[in-house]
1. Restricting to the stretch A:46-83, give me the number of residues that are touching a helix residue (DSSP H, G or I) at 6+ places or on another chain (Cβ under 8 Å), more than 29 Å from A:Tyr136 (Cβ to Cβ) and not acidic (Asp, Glu).
2. Is at least one residue of the stretch B:64-74 closer than 30 Å to B:Gln10 by Cα, within 14 Å of chain A (Cβ to nearest Cβ) and open to solvent by 10 Å² or more (accessible area, probe 1.4 Å)?
3. Would you pick out the residues in the stretch B:4-25 that are small (Gly, Ala, Ser) and either open to solvent by 30 Å² or more (accessible area, probe 1.4 Å) or in contact with a Pro (Cβ under 6 Å, 6 or more places away or on another chain) (or both)?
4. Where the second residue is among the hydroxyl-bearing types (Ser, Thr, Tyr) and the first is in a helix (DSSP H, G or I) and lies in the stretch A:38-64, which pairs have Cβ atoms under 6 Å and are six or more apart or on separate chains?
5. Out of the stretch B:133-167, which residues are among the acidic types (Asp, Glu), closer than 15 Å to B:Leu106 by Cα and touching a helix residue (DSSP H, G or I) at 6+ places or on another chain (Cβ under 8 Å)?
6. With the condition kept exactly as written, say whether any residue in the stretch B:359-367 is part of a helix (DSSP H, G or I), open to solvent by 10 Å² or more (accessible area, probe 1.4 Å) and within 13 Å of chain A (Cβ to nearest Cβ).
7. For the stretch B:258-354, list the helices (runs of 4 or more DSSP H) that sit wholly inside it and hold at least 3 residues that are out of contact with any helix residue (DSSP H, G or I) (no Cβ under 7 Å at 6 or more places or on another chain); which are they?
8. Looking only at residues that are within 14 Å of chain A (Cβ to nearest Cβ) and among the acidic types (Asp, Glu) in the stretch B:220-270, which one is farthest from B:Glu89 (Cα to Cα)?
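The values are calculated or read from the model by the stated rules, or taken from the named source; none is laboratory data. Small disclaimer: the values here were computed from a predicted structure and weren't measured. All Cβ positions, glycine included, derive from the backbone under ideal geometry; neighbour counts span all protein chains shown. What goes into the accessible areas is simple: the full protein's heavy atoms, side chains included, and nothing from ligands, DNA or RNA. Shrake-Rupley method; radii C 1.70, N 1.55, O 1.52, S 1.80 Å.
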Amino acid sequence: MTNEELITELTTIQPNLVPEAGGEWPNFFVEAADWPKLAQALRFKDDLFFDYLFCLTCVDWKTHLAMVYHLSSTRHRHNIVIKSKLNREKPEIQTVCDIWRTAEFHEREVYELFGVNFLNHPDLRKLILPDDWVGYPLRKDYEDPINMIKL
Amino acid sequence: MIEEIGTTEQGDLIINVGPQHPATHGVLHLVITLNGETIKKIEPHLGYIHRSIEKMCESLTYRQFIYTTSRMDYLSSHINNHGCALLVEKGLQIEVPPRAQVIRILMDELTRIASHILWWGAMAMDLGAMTPYFHAFRERELINDIMEETCGARLTMNYQVPGGVMADIHPNFQRRVKDIIKQLYKKLPEYDELVTGNTIFKARTQGIGYLSKEDAISYGVTGPSARASGVSCDIRKLYPYEGYEKLNFQEVMHTGCDTYSRYLVRMIEIRESISILEQLVDNIPEGDYQAKTKAVLKLPKGEFYTRVETARGELGVYVVSEGGTTPYRIKFRSPGFSNLCALDHMTRGQKIGDMVAIMGSLDLVIPDIDR
């Protein structure tokens, strides 16, 4: 599907999607509550068939956090970016590791580095940092006077 | 982590492999639940060499951040640098001169050959064969010599700059590349004789570590490990960059889905890379090796994503720019981290002795996983 077709198709499935201009691939903002339903549709609808989650990350915008999911289809070869704004104080979003299994580790990484709580994740623990680590290092206001070198 | 050794209530044995263990090729720590000799679960504990490259890059300029990626997957550091340089060029719409493009591809393929050859030696050593390791290092040294002569370094080359390469190739470069091609043609049949057709090697790898096509995609496995499961995922073919579309080479695929197929895919990929070298080594166009760029680079506001095919799979570089001289947020989608996701799934129900073979066939490089 071309980018224009993808935009029309997705706005029919989920009318309250907010498309974002710019970027190489279609960008959409989705409400965190609508994300599980949309993820199911993206993965299992035959003409969309986004079976490959190639990048899962988070961006700290100081006022809010934004989850970023880069999806690709190995059958149709189209790409899409889904974003979701989360409350910085209590960031919560449904896990997608039952749909794309690679998300299990990537979500654990985002959990410890940004503090996003993934609901219904089977094993949400720290992956890279020690268990007693305090704070979320990739947030913009993170301070570590001992280990951080400021340039 | 000592308290994790012991037995569970069901009578399963919990053992630790690593963080210091020859078979993990670095500081990877695996907590394995065993029922007799059969693996029930593998739980990787990461972070022993986590340097938070992503955070570091937020305070480095667009000229500097490229070189932190050499320290991620140190066996394909040139290709990592390539991905970052491509991103800056994409953001600023810098046209790379044809000479620089060809030099970049030549270096990429030399890196890939060196990486695969080292993997071949290490894989055989994991399974108890010592000799291949020395054979592998003999050829890899020659490639490192080429790198040293032209880039000034053997492992972390740091040869890429936004807009081209840092310096022109050494006058000996073409002759040396032709020598290594000749040498590899002579030695690759020896490699096959030593390992590929070896009965013990086959018995230990065939039918071990099955990874179906659907699972490979779902776990985000890329590179030779996924292509051995029949997933077409070569970025050089699917999203060509730097003129790969003009070259004549095959995307190596296999449908065996086991450890032996992953071995075969890499062995054929070495030959494909040699064929790319042959096509280009005598056709390096004359001209500049670097485009003229501004001293201070500022990426426009927005988001950029590039992907390149490293020796291990797809490396994605995702940059969020606020229009300044440093990235606002940077994310490296490293192939090693995603490939590791599948390790638990692939080893369940297998014997503990086969775990080493399966892990070897995924070609994990630990700094690439930890970043």
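1. 5
2. Looking for residues that are closer than 30 Å to B:Gln10 by Cα, within 14 Å of chain A (Cβ to nearest Cβ) and open to solvent by 10 Å² or more (accessible area, probe 1.4 Å), one finds none in the stretch B:64-74, hence no.
3. Narrowing the stretch B:4-25 to residues small (Gly, Ala, Ser): B:6, B:11, B:18, B:23.
Listed by number, the list holds a single entry, B:Gly11.
4. As it stands, the answer is none, since no pair meets every condition given.
5. Step one: of the stretch B:133-167, the residues among the acidic types (Asp, Glu) are B:139, B:141, B:145, B:148-149.
In the following step, the residues that additionally are closer than 15 Å to B:Leu106 by Cα were identified as B:145, B:148-149.
Answer for the stretch B:133-167, where residues must be among the acidic types (Asp, Glu), closer than 15 Å to B:Leu106 by Cα and touching a helix residue (DSSP H, G or I) at 6+ places or on another chain (Cβ under 8 Å): B:Asp145, B:Glu149.
6. yes
7. Details: elements: B:259-281, B:335-341, B:343-347.
Output list reads B:259-281.
8. So in the stretch B:220-270, the residues within 14 Å of chain A (Cβ to nearest Cβ) come out as B:220-223, B:225-227, B:229-235, B:237-241, B:251, B:253.
In the following step, the residues that additionally are among the acidic types (Asp, Glu) were identified as B:234, B:251.
Working: B:Asp234: 22, B:Glu251: 26 Å.
Filtering the stretch B:220-270 for residues that are within 14 Å of chain A (Cβ to nearest Cβ) and among the acidic types (Asp, Glu), the one farthest from B:Glu89 (Cα to Cα) comes out as B:Glu251.
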